[in-house]
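Take a look at the structure below.
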Amino acid sequence: MNLTKILTLSALVGSALMAGLFFAFGTAVMSSLERMPAGQGATAMNLINVRIQNPLFLLVFCGTALVCVALTIIAFVKNTPGKSWVLAGAALYLLGVIVLSFAVNIPLNDQLAAVDPHSAAGAAEWLNYLSKWNPSNNLRAITSTLAVVAFALALHAGNSAQAGTHRPAPPFSTTVGA
């Protein structure tokens with residue numbers, strides 16, 4: 001297995017882990033927090049936002065981004081099978097997960113943490129938070145899932161190309177000639 005395949009597989013796994021996290025938040029965690037009284041939901045989300053910043057999460061979240069950057073560079077330097085799928089997967093992850101997280105979700109997390117969740121301002125901020133954070137998170141779930149598909153197609157293209165180059169020669173000629 002060459003470096004590009006190892007990196008592509010790493011990007012696929014990292015994107016899949018992030019897609020699962022975003023999906024779980026969108027389908028279970030946030031809908032549960034929304035049903036709690038505002039102060040309790042906001043307090044729980046603030047705790048989650050602190051705890052998620054741990055070495056394992058950051059390794060997957062940021063490590064996948066670094067792998068995507070490396071794959072993008074390799075794709076422009078080296079012509080490999082599945083290049084367009086690698087670039088699509090990298091773009092989906094970098095734009096749909098990293099950029100979106102830093103442009104929308106993380107600032108919203110910071111705004112939520114800056115107010116007393118049990119105050120009237122905290123309750124208003126919680127409603128604002130939910131209306132913006134949830135759609136952005138759902139978009140992250142979709143783009144990271146699409147990145148998984150793109151990386152899988154890139155690996156398939158590489159395997160198909162490799163299988164095509166290692167086909168054994170036919171045992172006899174099938175051409176009919178005079």
About the Cα centre of the chain, what is the dipole size in debye to 20, counting +1 per Lys and Arg Cβ and -1 per Asp and Glu Cβ, all else neutral? 620
For Ser160, solvent-accessible area (1.4 Å; no DNA, RNA or ligand), Å²: 60
Under the classification rounded if a/c is under 1.5, otherwise prolate if a/b is larger than b/c and oblate if not, where does segment 5-53 fall, given a ≥ b ≥ c as square roots of the Cα gyration tensor eigenvalues? oblate
Val149-Ala24 pseudo-label distance in nm [points 7 Å out on the Cα-to-Cβ vector]: 2.3
Could you tell me which trypsin sites (Lys or Arg not before Pro) in segment 49-128 are loop residues by DSSP with no more than 14 other beta carbons within 10 angstrom of their beta carbon? Lys78
Report, in degrees rounded to the nearest 10, the 0 to 90 angle that the Cα long axis of helix 3-24 makes with the longest principal axis of the chain. 30
Residue by residue, what Karplus-based ³J(HN,Hα) values in Hz, rounded to whole numbers, does segment 103-110 have, using 6.51, -1.76 and 1.60 with θ = phi - 60° and x for Gly and Pro? 8, 10, 5, 5, x, 5, 4, 5
Here FRET efficiency (C-beta to C-beta, Asn128 to Asn79, R₀ 45 Å, nearest 0.05) is 0.40
Could you tell me which of Phe61, Ala147, Ser32 has its Cα farthest along the dipole of the chain towards the positive end, charges placed at Cβ (Lys, Arg +1; Asp, Glu -1), taken about the Cα centre? Ala147
Could you run the Karplus curve 6.51 cos²θ - 1.76 cosθ + 1.60 with θ = phi - 60° over segment 46-60 and give me ³J(HN,Hα) per residue in whole Hz, x for Gly and Pro? 4, 5, 4, 5, 6, 5, 6, 7, 10, x, 5, 4, 5, 4, 6
May I ask you to give the solvent-accessible area per residue for segment 85-163, in square angstrom, as obtained with a 1.4 angstrom probe? 46
With semi-axes √(5λ) of the Cα gyration tensor in Å in mind, check (i) 26, 18, 13; (ii) 46, 14, 12; (iii) 33, 23, 16 and report the label derived from this structure. (ii)
Under the helix-only model (-39500 (n - 2.57) for each DSSP H run of 4 or more, divided by the residues of the chain), the mean residue ellipticity at 222 nm, to 500 deg cm²/dmol, is -24500 deg cm²/dmol
Please compute the modelled spin-label separation between Lys5 and Phe57, points set 7 Å along Cα→Cβ, answer in nm with one decimal. 3.5
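Once the piece of chain linking Leu66 and His118 is laid out straight, how much longer is it, given 0.36 nm per residue of separation minus the C-alpha distance between them?
Working it through step by step, the gained length comes to 14.8 nm.
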Does anyone have the angle between helix 83-93 and the longest principal axis of the chain? Alpha-carbon axes, 0 to 90°, nearest 10? 10
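The values are calculated or read from the model by the stated rules, or taken from the named source; none is laboratory data. Worth saying up front: this structure is predicted, and the values here are computed from it rather than measured. Please note: Cβ atoms are built from the backbone with ideal geometry, for glycine as well, and neighbour counts cover all protein chains shown. The protein model used for the area step is the full one, side chains on, heavy atoms only, and it has no ligands, DNA or RNA in it. Shrake-Rupley method; radii C 1.70, N 1.55, O 1.52, S 1.80 Å.
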